[in-house]
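The values are calculated or read from the model by the stated rules, or taken from the named source; none is laboratory data. Quantities reported herein were computed from a predicted structural model and do not represent experimental measurements. Note that each Cβ is placed from the backbone with ideal geometry, even for glycine, and that neighbours are counted across all protein chains shown.
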Amino acid sequence: MVSFATRARRTFEVEYGARRGTTENAYATRGEKDACLIDCVDGRHAEGYAREIEGLGAWARDAAYHAVLHVSPRRLDALAAAIANRSEGAACVEVLCSNPGAQLIQQALKPNSPLTNEALCAAWKGTDGKLRARLRVVRNGERLDLGGRTLRFTLAPTPRWPDLIFARDEKSQTLFTSKFFSAHVGTMEGYGDEGGLETFGEDWRFYFDCLLAPMARQVSPLLEKLTGVAKTICPAHGPVVASSVTELYREYVEWCKMQTSAGDNLSVAVIYASAYGNTGAMAQAIARGVAKTGVGAEMFNCELASPIEVEEVLKRSAGFALGAPTLGGTLPTPVQTALGAIVKEGDLEKPCGSFGSFGWSGEAVAMIDKRLTDAGFKSAFEPLRCKFKPTAETLQLCEESGTDLAQAVRKIERRKQVLERKSVGQAADGVSDTAAAVGRIVGSLCAVTTKNEDTQSAMLASWVSQASFNPPALTVAVAKERAVESFLMTGGKFNLNVLKSGGEKDVMKALLKPFAPGENRFGALDVDISETNGCAVVKQALACVECTVTKRMEAGDHWVVLAEVERGTLLDAEGVTSIHHRKTGSSY
Ligand SMILES: Cc1cc2nc3c(=O)[nH]c(=O)nc-3n(C[C@H](O)[C@H](O)[C@H](O)COP(=O)(O)O)c2cc1C
């Protein structure tokens, strides 16, 4: 195995939001006859990758095969380095990938195309003009005999990775799963998953929630293809799964089920096209914002689907977002077709949104927005436009916009239910005994203030409790759809500003005011920024407790966040803590 760990967060896609770094993994295996390199790392590590392969020995350097389970433009420099480093007399390497993967490599090998990769072109054909590599498209179920060891390939296309393949080494019962069972964590000691779910559960789940949950419908049947014995799972990122194969597989099946059953009740379609992945990254962040509310999110790449499939996804969705890059001053054709299908379906009750990346003129998003508005659709968020690659702030904005879209869908659903109940003569909102009893539990009214990269955020909280004397620790329950939720991952910092009885009104007003995605959360509130953790200190509070998240536990529609107290400051020694009294346990 060859693995490169990065501690820093280098890219801003939502899946890196937990800020635990990542690893780029690649593997090599050999039989009695031939060897095969499996997977490929990010182009940043191209030189190191070639060196590491060389270090394994001539069998790896001059391997007969290189199976690239996911082809991305970002990985082509590393593929080029591996090919360029082969010895002079080595035979042509067969680069195995799926049909969509092969198309991407062919584009990269074409001179003067937007996807041309100079390093790959140079490596593919040696200076003597002889081919040093050739493409081989693998079929579903195809076997590669290495001599006493066989690799079996399974095609595993998803909207985000249409070219994905799994490989199974039948002799060692090892599964190579690329993006499946991956995690962005670069902090482990070795390569393995020692500590299993206890140690990496949150990382696996976060990666799943960000990337696979919005494609759960497509992921579920692919998981079925992976059943059967496997001793080891080798993913593209994070630990090699050895001690917790069965548990992680079971969790994946369960998470998919949770997501699809949420989607069966109520779901939002995020329909998009993306030539270079920028609009795709925005779509991913919007889908994450939707999914964390418990509403199903279905990512749908309309370049890979027929108009009928677009119509079907629209029919089963209660809202949608449509995204496109600007190419040649207009929308890509598949998005125009999808737009036509949306307007034709014409269910104007469905809330919507538009988004997309552009380079200079950026007409696409305005075109989508105008067409939808003219047809009578109502947007749940302002059109989201982004110049080239989205930044951390843009992705945060996309995530919050996704949450707004899901909440708009929920609101319509609730209204429908109230009308239904009324029509059958039930009370619209009776408080049950259980709810009334639970409502008698009280908590201290606090402002949680937190920060992620350059973005500050805050929420009002009363489901707060001390949890340990030594070390001093506390818990806060955070609704899954809350914008600050993604700031409070393990390792995240926040301040718990305990509010003063009689002095809580202004803070409540400021924090309960609806805010648009990306808007300053503090409004007119007077805050200082802590020099130790960079989070806001509410000046009107009674006390400020600076904390670091140590663990999260899933609890129905909330995450219970356990945090260790780093330090505390008493801002007002005379005041009394504000208590939040309620009539019902079914709302705050
Ligand atoms: C062939 C081509 C044509 C483009 N035309 C435009 C254009 O007319 N206006 C514009 O704002 N950007 C244009 N761009 C820039 C893209 O919109 C920009 O690269 C965007 O980030 C692509 O998003 P994507 O990664 O989702 O495909 C063009 C890019 C290419 C490669």
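Every residue in the stretch 381-413 that is over 21 Å from Cys210 (Cα atoms) and touching an Asp or Glu at 6+ places or on another chain (Cβ under 8 Å), please.
Selection gives Pro383, Ile412.
Being among the small types (Gly, Ala, Ser) and either within 23 Å of Ala216 (Cβ to Cβ) or touching a Gly at 6+ places or on another chain (Cβ under 8 Å) (or both) is the filter here, so list the residues in the stretch 168-183 that pass it. Write out each step before concluding.
Here is the first cut: in the stretch 168-183, the residues among the small types (Gly, Ala, Ser) are 172, 178, 182-183.
Of everything in the stretch 168-183, those that are among the small types (Gly, Ala, Ser) and either within 23 Å of Ala216 (Cβ to Cβ) or touching a Gly at 6+ places or on another chain (Cβ under 8 Å) (or both) turn out to be Ser178, Ser182, Ala183.
Restricting to the stretch 375-417, name every residue that is over 20 Å from the mean Cα position of the chain (by Cα) and part of a helix (DSSP H, G or I).
Ala375, Ala408, Val409, Arg410, Lys411, Ile412, Glu413, Arg414, Arg415, Lys416, Gln417
Take the residues of the stretch 292-315 that are touching a residue at least 12 places away in the same chain (Cβ under 8 Å) and among the polar types (S, T, N, Q): which is nearest to the ligand (Cβ to nearest atom)?
That would be Asn301.
Taking the stated definitions as given, is Phe320 surrounded by 23 or more Cβ atoms within 10 Å (Cβ to Cβ), within 16 Å of the ligand (Cβ to nearest atom) and under 26 Å from the mean Cα position of the chain (by Cα)?
no
Please work out which one of (1) buried (at least 19 other Cβ atoms within 10 Å of the Cβ); (2) outside any strand (DSSP E or B); (3) modelled with pLDDT of 90 or more is the condition Ala573 fails and give its number.
It fails just one condition, (1).
Out of the stretch 326-352, which residues are within 21 Å of Val313 (Cα to Cα), within 16 Å of the ligand (Cβ to nearest atom) and within 25 Å of the chain's Cα centre (by Cα)?
Pro332, Pro334, Val335, Ala338
Taking the condition at pLDDT 90 or above and either within 16 Å of the ligand (Cβ to nearest atom) or touching a His at 6+ places or on another chain (Cβ under 9 Å) (or both), does Ala236 pass?
yes
On the given criteria, is Gly289 surrounded by 17 or more Cβ atoms within 10 Å (Cβ to Cβ) and away from the ligand (no atom under 13 Å from the Cβ)?
Yes, satisfied.
Take the stretch 355-375 and flag every residue that is touching a Lys or Arg at 6+ places or on another chain (Cβ under 9 Å) and closer than 16 Å to Ala283 by Cα.
Of everything in the stretch 355-375, those that are touching a Lys or Arg at 6+ places or on another chain (Cβ under 9 Å) and closer than 16 Å to Ala283 by Cα turn out to be Phe355, Gly356, Ser357, Phe358, Ala364, Val365.
Identify, please: which residue in the stretch 359-398 is free of Cβ contacts under 8 Å to residues at least 24 places away in the same chain and away from the ligand (no atom under 16 Å from the Cβ) and is, among those, nearest to Asn278 (Cα to Cα)?
Lys370
Would you please name the residue that is farthest from Asn140 (Cα to Cα), looking only at residues in the stretch 80-112 that are over 30 Å from the mean Cα position of the chain (by Cα) and within 16 Å of the ligand (Cβ to nearest atom)?
This residue is Asn112.
Being assigned to a strand (DSSP E or B) and farther than 18 Å from Gln107 by Cα is the filter; apply it to the stretch 118-152 and report the residue that is farthest from the chain's Cα centre (by Cα). It would help to see each step written out before you state the result.
Initial filter on the stretch 118-152 (assigned to a strand (DSSP E or B)): 125, 131, 133-137, 143-145, 150-152.
Of the ones still in play, those that are also farther than 18 Å from Gln107 by Cα are 143-145, 150-152.
Details: Arg143: 32, Leu144: 33, Asp145: 36, Thr150: 33, Leu151: 30, Arg152: 29 Å.
Across the stretch 118-152, the extreme among qualifying residues is Asp145.
Does any residue of the stretch 235-245 turn out to be of a type in the set (Gly, Ala, Ser), more than 29 Å from Arg152 (Cα to Cα) and touching a Lys or Arg at 6+ places or on another chain (Cβ under 9 Å)?
no
Of the residues Leu197, Leu226, which single one is outside any loop (DSSP other than H, G, I, E, B), modelled with pLDDT under 95 and not aromatic (Phe, Trp, Tyr)?
So the residue among Leu197, Leu226 that is outside any loop (DSSP other than H, G, I, E, B), modelled with pLDDT under 95 and not aromatic (Phe, Trp, Tyr) is Leu197.
With the condition kept exactly as written, say whether any residue in the stretch 264-271 is away from the ligand (no atom under 16 Å from the Cβ) and free of Cβ contacts under 8 Å to residues at least 40 places away in the same chain.
Yes; the residues of the stretch 264-271 include at least one that is away from the ligand (no atom under 16 Å from the Cβ) and free of Cβ contacts under 8 Å to residues at least 40 places away in the same chain.
Among strands (runs of 3 or more DSSP E) lying entirely in the stretch 434-517, which contain 3 or more residues that are in contact (Cβ under 8 Å) with a residue 24 or more places away in the chain and touching a helix residue (DSSP H, G or I) at 6+ places or on another chain (Cβ under 9 Å)?
Numbers: elements: 446-452, 455-461, 464-468, 473-479, 493-498.
Because the criterion is at least 3 residues that are in contact (Cβ under 8 Å) with a residue 24 or more places away in the chain and touching a helix residue (DSSP H, G or I) at 6+ places or on another chain (Cβ under 9 Å), the strands (runs of 3 or more DSSP E) in the stretch 434-517 that meet it are 446-452, 455-461, 493-498.
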